[in-house]
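Taking it in order: structure first as structure tokens, then the write-up.
The numbers here are math on the coordinates, done by the rules we state, and not lab data. Worth saying up front: this structure is predicted, and the values here are computed from it rather than measured. Here the Cβ is made from the backbone with ideal geometry for all residues, glycine too, and neighbour counts use every protein chain on show.
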Protein chains: 2
Amino acid sequence: MSFQGEQYPGVQAPTADSEGFRLNHTMLRIKDPEKALTFYTRVFGMRVLRRLDFEEMQFSLYFLARPEAGEDMPEDAGERTVWTFSQRGVLELTHNWGTEEKEGFAYHDGNAEPQGFGHICFSVPDLDAAEAWFDANDVAFVKRADQGKMKDVVFVKDVDGYWIEVIQADRLGQMGD
Amino acid sequence: MSFQGEQYPGVQAPTADSEGFRLNHTMLRIKDPEKALTFYTRVFGMRVLRRLDFEEMQFSLYFLARPEAGEDMPEDAGERTVWTFSQRGVLELTHNWGTEEKEGFAYHDGNAEPQGFGHICFSVPDLDAAEAWFDANDVAFVKRADQGKMKDVVFVKDVDGYWIEVIQADRLGQMGD
């Protein structure tokens, strides 16, 4: 189970019981769907796969993914939902109705105390071009590629303040060495 | 951009600037790598793709994915890192050294106040079998499939208390109707 002598404490071999399990999505709560959807579709090129509204519980869910995952999406609503829940790399945004109208309302990013969740991460083909694209869209940076100890790693904030790491995979071959 | 009349406020068409962007991973901080790695490898059948240690900053990163993503993993360390950062559906676990020895230390799950991040989600081929498998491994449930208003949706907790949604995609075709 180890790679070139790396130590992985506690690791066990998978059994047949978990066969077919798939990491489908990550859920983040958002204050204002209009702002969040503009951000993720314009800046990160994501596409809304499905919106589900829950009238009784007063919330809506938006499931987003990159277009590469969306090319053969079914047109039937039920099949489309099943398809959405079968993908990998989906982002679920939860909107509790009315939060967008509450002045001062904000969600917790997980990096300020109390800490927990840290970030989501996109890999991009060209990190310099991505930085320029973020600047062109007035995206807030936590750090640029040339700042701090983690060179070639960019962190930006989404419109709710959640951190998004942005990396170019082939510039990270020496990371951790 | 809309699907069958669904309203997506704020959505914009992607441009060439975001071409090739890929949702690579979600990062969660963990208290004890031995416990977290046992949980994710045994219960969810994940595999460690790469471990990266940062001596100066006193932390380690563990990148996990399902075996389906790992069949053609490169053996060279640098190539392996690049490959890891090119995948979709990866879970990054961050271990700040020493937390496992601090009594009472715990990370924040994002569902208690202050809220933000909600959960990660696995889709599984058989939700009933998955519930039995979780019971066999003494996994803590937030809710079972037959509890609450969201039928056919299971929530369990990982060893740090983060919520994991578990669904069987083809049982959710009517969701949100």
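Within region B:94-125, restricting attention to residues that are in contact (Cβ under 8 Å) with a residue 60 or more places away in the chain and of a type in the set (S, T, N, Q), the residue that is nearest to the other protein chains (Cβ to nearest Cβ) is B:THR94. Meeting the requirement of 1 or more residues that are acidic (Asp, Glu) and touching a strand residue (DSSP E or B) at 6+ places or on another chain (Cβ under 8 Å), the strands (runs of 3 or more DSSP E) wholly within region A:1-98 are A:47-54, A:90-96. The residue of region B:64-93 that is nearest to the chain's Cα centre (by Cα), among those that are free of Cβ contacts under 8 Å to residues at least 12 places away in the same chain and under 17 Å from A:PRO14 (Cβ atoms), is B:GLU68. The single residue among A:LEU49, A:LEU37, A:LEU61, A:LEU23 that is out of contact with any Asp or Glu (no Cβ under 7 Å at 6 or more places or on another chain), more than 7 Å from every other protein chain (Cβ to nearest Cβ), touching a residue at least 24 places away in the same chain (Cβ under 8 Å) and of a type in the set (A, V, I, L, M) turns out to be A:LEU49. The single condition among (1) closer than 24 Å to A:GLU79 by Cα; (2) among the charged types (D, E, K, R); (3) surrounded by 22 or more Cβ atoms within 10 Å (Cβ to Cβ) that B:ASP109 does not satisfy is (1). Is one or more of the residues making up region B:126-142 out of contact with any Lys or Arg (no Cβ under 8 Å at 6 or more places or on another chain), touching a residue at least 24 places away in the same chain (Cβ under 8 Å), surrounded by fewer than 17 Cβ atoms within 10 Å (Cβ to Cβ) and facing chain A (nearest Cβ under 9 Å)? Looking for residues that are out of contact with any Lys or Arg (no Cβ under 8 Å at 6 or more places or on another chain), touching a residue at least 24 places away in the same chain (Cβ under 8 Å), surrounded by fewer than 17 Cβ atoms within 10 Å (Cβ to Cβ) and facing chain A (nearest Cβ under 9 Å), one finds at least one in region B:126-142, hence yes. Only residues that are over 24 Å from A:MET27 (Cβ atoms) and either of a type in the set (Ser, Thr, Tyr) or in contact with a Phe, Trp or Tyr (Cβ under 7 Å, 6 or more places away or on another chain) (or both) were counted in region A:142-177, giving 4. If we keep just the residues of region B:57-102 that are within 19 Å of A:ARG66 (Cβ to Cβ) and not hydrophobic (A, V, I, L, M, F, W, C), which is surrounded by the fewest Cβ atoms within 10 Å (Cβ to Cβ)? Among those that are within 19 Å of A:ARG66 (Cβ to Cβ) and not hydrophobic (A, V, I, L, M, F, W, C), it is B:GLU68.
Screening A:ASP152 on (1) at positive phi; (2) without any contact (Cβ under 8 Å) to a residue 12 or more places away in the chain shows it passes everything except condition (2).
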